[in-house]
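Take a look at the structure below.
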Amino acid sequence: MRRIKPHQAQQGFVTIAQNGQVNYLELAYVQAMSIKLTMPGSQYAVIVDADTMLQVTNKHRQVFDYVILLENDLAKDSTWKLNNEWQIFYLTPFKETIKLESDIVFTRSIAHWWHTFRLRNIVLSQGCRDYLQQTSSVRSYRRVFDDNDLPDIYNGLMYFRYSQESMNFFKFAEQIYVNWTYIRDHILKNCRDSEPTTDVVYAVAAKLLGVEHCTLPSADFINFVHMKADINGFSKTTPWHELVVYELDLPMIRINNVNQYHPLHYYEKSWITGDIIKEYEDELGRRI
Amino acid sequence: MKKSNVPAKSKGVLIFAFNTDVINYVTIAEHTARLAQHTLNLPVTLVTETGTQTTYNFDQIIYVDNILENYKPTKNAVYQWRNGDRYKAYELSPYDETLLIDSDYLILDTSLLKLFSQTFDYRIMTYNQKPGQAWDERMGIYSLQYQWATVILFRKTVRSQMLFELAGRVQRNYSYYFNLYHLSRGTFRNDFAFTIANNILNGYDQGMNQGIPWPMLTLSEPVDSLSLKDRLIVIKETDKAYVVPRQNLHIMNKEYLLSDNFSTFVEQICAE
């Protein structure tokens with residue numbers, strides 16, 4: 001695969017939104033608004049498949065700087081549409097990209113992170129935090145990583161710049177997706193994922209590329225709050241937003257009376273309701 | 001050297017003690033006051049109920065009324081617990097710089113005095129431990145870790161005043177904060193009130209706890225005896241004994257604090 005279009009801008013944020021059971025387009029919309037609130041002037045691109053493209057409205061286009069069609073949808077038959085992740089290298093309109101999962105919002109600027117990211121061609125965020133902002137030591141979701149000595153990376157937030165090294169990384173990722181069954185059964189230990197998950201794919205790709213080339217262990221602030229239950233000591237049977245109080249003081253978000261300073265990977269998609277979208281729209285409207 | 005014209009700031013210890021049906025907190029406070037005055041060489045003021053008789057020569061005794069009454073469940077019984085209105089310490093303290101302590105907190109070293117050489121509005125005991133193990137409990141299963149109102153140092157500043165006023169607001173609206181912070185107990189606790197007040201005052205930022213930098217040593221089990229040996233404290237409980245470096249102690253077992261054994265220990269310290 002080759003880039004079809006030249007880059008449109010120097011730097012920006014990108015996510016992939018393919019609607020299925022979850023309306024990822026709306027999550028991307030909220031994410032874009034959180035970026036515009038915290039980092040005015042930042043550019044935001046969303047990559048969508050043909051079906052999702054039909055759902056993009058004028059409201060969305062007011063905050064999306066670029067809406068890019070995913071022409072080669074490799075996840076058509078998949079409910080958990082992860083197989084297209086590697087294509088982001090070829091589709092991003094930016095020379096330097098921060099790639100995000102759609103269910104992350106920002107509560108304050110991370111603009112200064114760009115300077116740190118530029119120490120590498122590609123940087124994957126490492127580790128995650130609980131809602132108390134403490135680095136998590138919970139490993140219950142990371143057994144495959146520990147069993148296989150994979151780097152503790154999260155694809156939810158990563159940086160890459162247009163470079164040979166980044167291209168090599170995404171080519172590795174592509175090959176891991178394509179050859180997933182073999183890699184799972186013959187290379188990885190204790191991995192029983194029927195479909196490849198992006199975190200594992202990128203961890204294996206990082207291992208192939210050289211972990212030292214795509215992580216910045218000394219920049220331990222490059223990570224996000226992960227709202228998965230175990231990480232926060234919450235019950236798995238109830239979504240966190242039904243378990244503890246949250247307050248929007250946009251762009252700040254308080255969970256259980258604690259300000260969320262790091263990017264917030266809210267994980268529970270049901271947290272995004274019409275009310276929350278309206279809060280963001282109103283706040284953005286007040287500032288523009 | 002030219003003498004400063006700025007008058008020295010007054011400094012003292014403040015203890016709240018209200019007797020209950022079963023525990024004579026004022027007697028405990030008198031022992032605590034003796035230890036504090038002896039160790040820190042600071043005046044001690046008692047806040048207690050109008051009409052309470054005392055034998056110790058306090059710097060001042062401030063009488064208050066209408067103290068909140070609670071009931072504290074323990075392993076074996078439910079005790080009356082008159083722990084309210086601690087938030088009034090700010091307005092009641094006669095000192096510019098106050099060391100506010102629970103009556104069951106024994107001052108056996110000068111560490112807190114040294115803390116006053118630093119710049120701060122207030123400092124709250126944040127870390128607690130039992131002998132040999134950490135004690136970092138939360139206010140409820142899904143709540144925040146709490147701080148200990150057992151020891152609070154404060155200066156008369158706007159920020160300190162806000163802390164105490166916020167703690168008062170939490171006391172007056174406890175059922176609201178009980179739900180907001182997912183507290184596990186309905187019984188009002190000063191620890192919780194000051195933790196919540198501190199959380200709000202710090203802009204909900206967990207990184208700014210305004211804590212005293214070292215942990216408090218708490219004895220939660222019944223104590224048989226305390227004794228000093230050189231620079232060590234020998235603690236004997238029913239079936240265990242510990243030897244720890246000399247330091248301040250938080251003793252939850254009130255029976256010991258009212259025992260002759262404890263009086264003897266206080267005599268031993270004050271005879272040094």
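Laboratory data are not the source of any read-out in this text; all were calculated from the coordinates shown. Quick caveat, the model's predicted, so the values are computed rather than measured. Here Cβ is always computed from backbone atoms with ideal geometry, including for glycine, and neighbour counts include all displayed protein chains.
General observations
- Net charge of neighbours whose Cβ lies under 12 Å from the Cβ of B:Leu166, counting Lys and Arg as +1 and Asp and Glu as -1: +2
- The aspartates and glutamates whose alpha-carbon is closer than 13 Å to the alpha-carbon of B:Lys130, local same-chain residues fewer than 8 away aside, are B:Glu221, B:Glu237.
- Amide H contacts of B:Trp148: B:Met125, B:Thr126, each under 5 Å away and 5 or more positions distant or on a separate chain (H built 1.01 Å from N in the peptide plane; Pro and chain starts excluded).
- Remark: A:Asp49, A:Asp147 ranked as A:Asp147, A:Asp49, counting other beta-carbon atoms within 10 Å and listing the fewest first.
- Two-site label geometry, A:Asn148 and B:Asn173: point separation in nm, points 7 Å out along Cα→Cβ: 5.1 nm
- Simple label model, 7 Å out from Cα along Cβ direction - B:Glu137 to B:Tyr79, nm: 1.4 nm
- Computed over chain A, the per-residue total of -39500 (n - 2.57) for DSSP H runs of n ≥ 4 gives a 222 nm mean residue ellipticity of -8000 deg cm²/dmol, rounded to 500.
- For the pair A:Glu195 and A:Lys171, a Förster radius of 22 Å applied to the C-beta separation gives a FRET efficiency near 0.65, rounded to the nearest 0.05.
- Using θ = phi - 60° in the Karplus curve 6.51 cos²θ - 1.76 cosθ + 1.60, the 3J(HN,Hα) couplings for the range B:52-57 round to 6, 8, 10, 10, 7, 7 Hz; x is entered for Gly and Pro.
- Cα→Cβ-extended label distance, 7 Å offset, between B:Ser111 and B:Met162, nm: 2.9 nm
- Relative contact order, percent, the range A:101-254 [alpha-carbon distance under 8 Å, six or more residues apart]: 35 percent
- Charge tally for B:Asn19 (other residues, Cβ to Cβ under 11 Å; Lys, Arg +1; Asp, Glu -1): -1.
- Taking amide H as placed 1.01 Å from N in the peptide plane, the amide H of B:Leu219 sits under 5 Å from that of B:His250, B:Ile251, B:Met252, each at least 5 places away or on another chain.
- Residue-by-residue Karplus 3J(HN,Hα) for the range B:263-272, coefficients 6.51, -1.76, 1.60, Hz, glycine and proline x: 4, 5, 4, 4, 4, 4, 5, 6, 8, 5
- Sorted by Cβ neighbour density within 10 Å, fewest at the top, the residues B:Ser225, A:Ser194, A:Ser102: A:Ser194, B:Ser225, A:Ser102
- Here the range B:21-43 is scanned for amide nitrogen atoms under 13 Å from the site 7 Å beyond the Cα of B:Ser10 along Cα-to-Cβ, giving B:43.
- Note on chain B: with a GNM built from Cα contacts shorter than 10 Å, the maximum mean-square fluctuation among B:Ala149, B:Ala29, B:Ala77 falls on B:Ala77.
- Pairs with C-alpha atoms separated by more than 29 Å, drawn from the list A:Lys76/A:Lys228; A:Lys76/A:Lys278; A:Lys36/A:Lys228; B:Lys156/B:Lys236, are A:Lys76/A:Lys278; B:Lys156/B:Lys236.
- Three principal axis lengths of the range A:9-287 [C-alpha, angstrom, descending]: 53, 40, 38
- Rounded to the nearest 20 debye, the dipole magnitude of chain B is 780 debye, with +1 charges on Lys and Arg beta carbons, -1 on Asp and Glu beta carbons, and the Cα centre as origin.
- Look at A:Glu279, A:Glu242 and count the other Cβ atoms within 10 Å of each Cβ; fewest to most, that gives A:Glu242, A:Glu279.
- Normalised by the number of residues in chain B, the mean separation of alpha-carbon contacts (under 8 Å, six or more apart) gives a relative contact order of 19 percent.
- Cross-link table A:Lys236/B:Lys72; A:Lys95/A:Lys171; A:Lys189/A:Lys269; B:Lys9/B:Lys114; B:Lys114/B:Lys254, entries beyond 22 Å C-alpha to C-alpha: A:Lys236/B:Lys72; A:Lys189/A:Lys269; B:Lys114/B:Lys254
- Annotation: the antiparallel percentage among DSSP beta bridges lying fully within the protein assembly as shown is about 55.
- Comparing B:Val13, B:Val78, B:Val170 in a Gaussian network model of chain B where C-alpha atoms under 10 Å apart are linked, the largest mean-square fluctuation is found at B:Val78.
- HN-Hα J in Hz across the range A:101-115 - Karplus 6.51, -1.76, 1.60, θ = phi - 60°, x for Gly and Pro: 6, 5, 9, 10, 10, 10, 10, 7, 5, 10, 4, 5, 5, 3, 4
- Sorted largest first, the spans of the alpha carbon positions of the protein assembly as shown along the three principal axes are 90, 59, 53 Å.
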